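This report refers to the structure that appears directly beneath it.
A short reminder: the numbers here are calculations on the coordinates, not readings from a lab. Remember, predicted model here, so these are calculated numbers, not experimental data. So basically every Cβ, Gly included, is an ideal-geometry build from the backbone, and we count neighbours across all protein chains shown.
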Amino acid sequence: MNILAIETSCDETASAVVTDTGDILSNIVASQIADHAAFGGVVPEIASRRHTELIGSVVAEALDSAGLDKDDLQGIAVTQGPGLVGALLVGISFAKAFAYALNIPLCGINHLEGHLSAAKISNEITYPHIGMVVSGGHTSLYRVKNPSSIIQIGQTLDDAAGEAFDKVAKLLDLGYPGGVIIEKISVGVDPHTVDLPRPMINDGSYDFSFSGLKTAVLNRVVNEGIFSEMDLRFSGLPQSRKPVSGKEELIPKIASAFQEAVVEVLTTKALQAVRDHGSDLLVVSGGVASNTALRSRMEEMSAKEGINLVIPERKYCTDNAAMIGIAGIRYFNQGLFAPLDMNARSRWPLINESSTGLNET
Ligand code: KG4
Ligand code: ZN
């Protein structure tokens, strides 16, 4: 069975073809980074418009590079939520029209289940396990009892980790997307020359908080006078685009210290969840899981603690449609089809969603 997958929840227009045996026949991602960079973040209206322009050619390319024709498809899996509603609707409308025209079933997939399912690509996954999604919109811990029963055990109380990367990059005037740039300028920079907090690290919960860490970075930037003027009305965006002469070298030090603080919090909480639940497998996914410092710290920790760790390949950590197709396999196997009047769900936590087939016990 060949499944066409479509993902348009944020700023990547993505389509893939996967088989019901878990093979990835194609995986096409058209990034909109260049369209949003000038604004320092994703502009929802621009995202929707670009999805509309790109979706047809991205799906055509996914079919083409899989060597298939649309008549070779037996099902369509589309991200139903959570995400930007206008962006989601582009993918959903396209998927509905395609499914209707081809007379094949459609499934609405939760983007977070997609991130967790990316672990199944090239890996044997055992259950139950602990799953962590660290992205631009989410930072959550899950107990994955089986493929259709995922219980959220913790989440961020404010900013997501990726969002914090993006905001800190903005207030250090590093540009967009923040995570990738902070990772790059932190290479080889001692993360311990600047002291930053590790919010909630040892509070015993599986929840996170990153907005205080971002504020600590802001305070540091202001107190050090790195930029001659900061516009504190807009979460401290530097007014002058150039750092004050002699202060430049502080920027990579702060970036590296920030990355270290995030990595330490994520690793500590993941380990705690694994230990408390007696789990021997940890899955870490989402855009931030493509961060090299996080990947290597998770690997070190897992090796030391005797935990099996699965972090998908980088291209399957950041938003992509292959993960949506892989998550969709069980929907097709179990006949969990979406009606053609299915709607986007801008908010859709992975908790007790038995109506979609998620989380039934
Ligand atoms: O999963 P994703 O592609 O989209 C969402 O579902 O949000 O994650 C995007 C987030 C962004 O905030 C981005 O800054 C972050 O992942 N990110 C990174 C890295 N690559 C992407 N954060 C840290 N290091 C990276 N290398
Ligand atoms: Zn995502």
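Here is how the numbers come out for the structure above:
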| item | result |
| --- | --- |
| So L281, is it out of contact with any Asp or Glu (no Cβ under 6 Å at 6 or more places or on another chain), of a type outside the set (S, T, Y) and more than 19 Å from F210 (Cα to Cα) | yes |
| Residue list for the range 5-33, restricted to those being touching a helix residue (DSSP H, G or I) at 6+ places or on another chain (Cβ under 7 Å) and within 24 Å of G335 (Cβ to Cβ) | A5, I6, E7, S15, A16, V17, V18, D20, G22, I24, L25 |
| So I201, is it away from ligand 1 (no atom under 15 Å from the Cβ), hydrophobic (A, V, I, L, M, F, W, C) and touching a Leu at 6+ places or on another chain (Cβ under 7 Å) | no |
| Complete set of residues in the range 133-157 that are within 15 Å of ligand 2 (Cβ to nearest atom) and in contact with a Phe, Trp or Tyr (Cβ under 6 Å, 6 or more places away or on another chain) | T139, T156 |
| Pick from the range 7-59, criterion of a type in the set (S, T, Y) and in a strand (DSSP E or B), ranking: nearest to G83 (Cα to Cα) | T13 |
| Hits in the range 118-128 (condition: away from ligand 2 (no atom under 16 Å from the Cβ) and touching an Asp or Glu at 6+ places or on another chain (Cβ under 8 Å)) | S122, T126 |
| Residues that are small (G, A, S) and either surrounded by fewer than 24 Cβ atoms within 10 Å (Cβ to Cβ) or under 17 Å from D64 (Cβ atoms) (or both), drawn from the range 1-33 | A5, A14, S15, A16, G22, S26, A30, S31 |
| Wholly within the range 80-185, helices (runs of 4 or more DSSP H) carrying at least 2 residues that are surrounded by fewer than 24 Cβ atoms within 10 Å (Cβ to Cβ) and either free of Cβ contacts under 8 Å to residues at least 60 places away in the same chain or not hydrophobic (A, V, I, L, M, F, W, C) (or both) | 85-102, 161-171 |
